[in-house]
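A.B. asks: This is the structure I want to talk about, given as structure tokens.
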């Protein structure tokens, strides 16, 4: 879609991704990821999840094994993943392709008078151009799935009726209205600023707010107007009205699937069977089902007309919790192990001071200051990493380094000179000194660093869900997406408990690993 | 018999200033030599040069008639026992493990080492019951006895003691001085002791080397120093310490 669940992330990732392209990171092709299974990606919002599930089912029903990587991020991450063959297909919207992927900046705005047939012709012509441009990246595009999910401005029905507002132009007379917009809409080429210019609005209260939270704000009157997508289930649910786009500002956002042209013909044919099969009402219904049941597979099965099958798709909470938690522990545990294996030797090296020590401590310190989302976004376009658990582990590993390196270095540096010299004077070789004397004496500090890393990793691992690597971040993200506190807590509480358990485990480990003489 | 250690024109600078001016010094076998002088006179520097914690800027250091090549330094260190003021015991090891550390590291037979440990306990008047304790569980005097055992474990040819009793209270100190004297005599131990306490030097040392500002001022017995002082500094140093006894 033109949209992503959290636009702030999107924007950040996009800038960093472009930067890394300049550095020439993009030399990657599909070969590193053997395509035994077709991988469907989806963006981080309900409709994309549902369409991803539908595509997966369709392919599976056609005898083609397929996986669905849910909620991988925003437009640029998905597009890059597709282009480099890390995924094989994902649902997208024509408007987004034009605006965000192909960057048609010169797109001329139409005058409201000359819409109709001429416009239809332009539309199909530009679709052909779009196909050509996409083909240059090895990407193909299905025809419309059957609905146009355009941007819209929505209001509460009572408020709109009270002020007699029907069209976006009517906003011109009400600059006092509080307008809450997603960050992406605020920033888009076809978003708020050009819209304001086109409609000559002069709003006084404009704030940025998360999409799902914005609906809650609209409902309780904190804001009066918000941007929405015309197939949002919430429009019907909250009884909102859509302001008519009387100046034809918003481009069309026909839902399509993008796929790699290198896919087997049978796979492409199966995907194309979805063309024209979902109209707007149907999509709204599927979205509403997904949001109500928190179960995308069940919503998808509605498309196939067999709600009965949903019981198969539905996973029990305890089963999900086990899956999330074990994945979470895998991510945090494996990355911690790497951090220890690399961090302790680096810390030993750094403890010797000098320029190298400064560089090591400086590097690990800088890594720590990179926001985790940015670090993930930086790693995603690199060969080998991509959209995978590897990327999450690599990021967590880098975050885990600093506490271990620093504590190892200071633990060793803090050993009194008298003890250091006693070890030397005894005639112990350097390796034996380190093993038998220095590391045991520094063990409390080193273990403290590992403990800090472990707790940080357990917390930060929730972000792995942003790139589809799973873990307890999965319910947190989909909960944020659905504005559903219970779902958020399903991830947040276990994550917090896990952090406490890890802390406790290390306190026990202290007793085993720290020599008794140091604990007296 | 030749000297066990011979320093010839050895000097050491820190930050451009001489900690030890070019100095020659010999340590005789079987005797206790005491380095004495005010703080910063170069006495600890001399000790640290001998066990190669620091390298000289000039001059040569011979041990048992031979210069020591860099790859043999650890072997040299195992022929020397080293006791410092706070003992330098490793806090994560018990008294026993501290003493046996090197014997175990070098793979000596455990039964022999154990026997040696028992003998050392008798020699240093350290209760065997305390061997399982960690350094923090021992008193200052006990720690120094353990440190001494650790230094003597491999029967070193030379024992270096850097103000070993400096941090102890007077009673413990007096007891240890007496024990050290007996131990050195019984073992015929070649020892080099650093102290700033003239009474301790006089009591333990066969020979006293008085140092000041990185140079040896006078070498001899306490009687030599008192009766025929080489410079006014010698008299000044002796009087400064004696003045307390007069009160």
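A.B. asks: Could you look through the stretch B:51-62, keep only residues that are in contact with a strand residue (DSSP E or B) (Cβ under 6 Å, 6 or more places away or on another chain) and crowded, with 16+ Cβ neighbours inside 10 Å, and pick out the one that is nearest to the other protein chains (Cβ to nearest Cβ)?
C.D. replies: For the stretch B:51-62, the residue satisfying everything is B:51.
A.B. asks: Looking at A:271, A:331, A:346, A:302, can you tell me which residue is under 30 Å from residue A:450 (Cβ atoms) and over 22 Å from the mean Cα position of the chain (by Cα)?
C.D. replies: Residue meeting the stated conditions: A:346.
A.B. asks: For residue A:439, are the conditions met, namely being surrounded by fewer than 19 Cβ atoms within 10 Å (Cβ to Cβ), farther than 30 Å from residue A:44 by Cα and within 14 Å of chain B (Cβ to nearest Cβ)?
C.D. replies: Criteria met by residue A:439.
A.B. asks: Could you list, in sequence order, all residues of the stretch A:400-438 that are touching a helix residue (DSSP H, G or I) at 6+ places or on another chain (Cβ under 8 Å) and either at pLDDT below 90 or not in a helix (DSSP H, G or I) (or both)?
C.D. replies: Listed by number, the residues that qualify are A:414, A:415, A:426, A:427, A:428, A:429.
A.B. asks: Which of the strands (runs of 3 or more DSSP E) found entirely inside the stretch A:143-214 contain at least 2 residues meeting this: touching a helix residue (DSSP H, G or I) at 6+ places or on another chain (Cβ under 9 Å) and within 30 Å of residue A:276 (Cβ to Cβ)?
C.D. replies: Output list reads A:151-156.
A.B. asks: Another question about this same structure. Just the residues that are facing chain A (nearest Cβ under 8 Å), without any contact (Cβ under 8 Å) to a residue 60 or more places away in the chain and in contact with a strand residue (DSSP E or B) (Cβ under 8 Å, 6 or more places away or on another chain), please, taken from the stretch B:63-87.
C.D. replies: Correct list: B:76 only.
A.B. asks: If you don't mind, another one. Name the one entry in B:42, B:140, B:132 that is surrounded by 21 or more Cβ atoms within 10 Å (Cβ to Cβ) and more than 10 Å from chain A (Cβ to nearest Cβ).
C.D. replies: B:42
A.B. asks: Would you confirm, using the coordinates I've provided, whether residue B:113 is farther than 30 Å from residue B:36 by Cα, buried (at least 17 other Cβ atoms within 10 Å of the Cβ), more than 14 Å from every other protein chain (Cβ to nearest Cβ) and over 21 Å from the mean Cα position of the chain (by Cα)?
C.D. replies: Judged against the criteria, residue B:113 is a match.
A.B. asks: What are the residues in the stretch A:234-248 that are in contact with a helix residue (DSSP H, G or I) (Cβ under 6 Å, 6 or more places away or on another chain) and crowded, with 21+ Cβ neighbours inside 10 Å, if any?
C.D. replies: A:234
A.B. asks: Now, a different point. Do we have residue A:132 as in a helix (DSSP H, G or I), at pLDDT below 90, farther than 26 Å from residue A:282 by Cβ and out of contact with any strand residue (DSSP E or B) (no Cβ under 6 Å at 6 or more places or on another chain) here?
C.D. replies: Yes.
A.B. asks: If you take the residues in the stretch A:411-436 that are in contact (Cβ under 8 Å) with a residue 24 or more places away in the chain and surrounded by 18 or more Cβ atoms within 10 Å (Cβ to Cβ), which one is nearest to the other protein chains (Cβ to nearest Cβ)?
C.D. replies: Selected residue: A:415.
A.B. asks: Could you identify the single residue in A:284, A:268 that is closer than 24 Å to residue A:148 by Cβ, at pLDDT 90 or above and outside the structural domain of residue A:456 (by TED's automatic domain parsing)?
C.D. replies: A:268
The values are calculated or read from the model by the stated rules, or taken from the named source; none is laboratory data. Everything numeric in this text was worked out from a predicted model, so none of it was measured. So basically every Cβ, Gly included, is an ideal-geometry build from the backbone, and we count neighbours across all protein chains shown.
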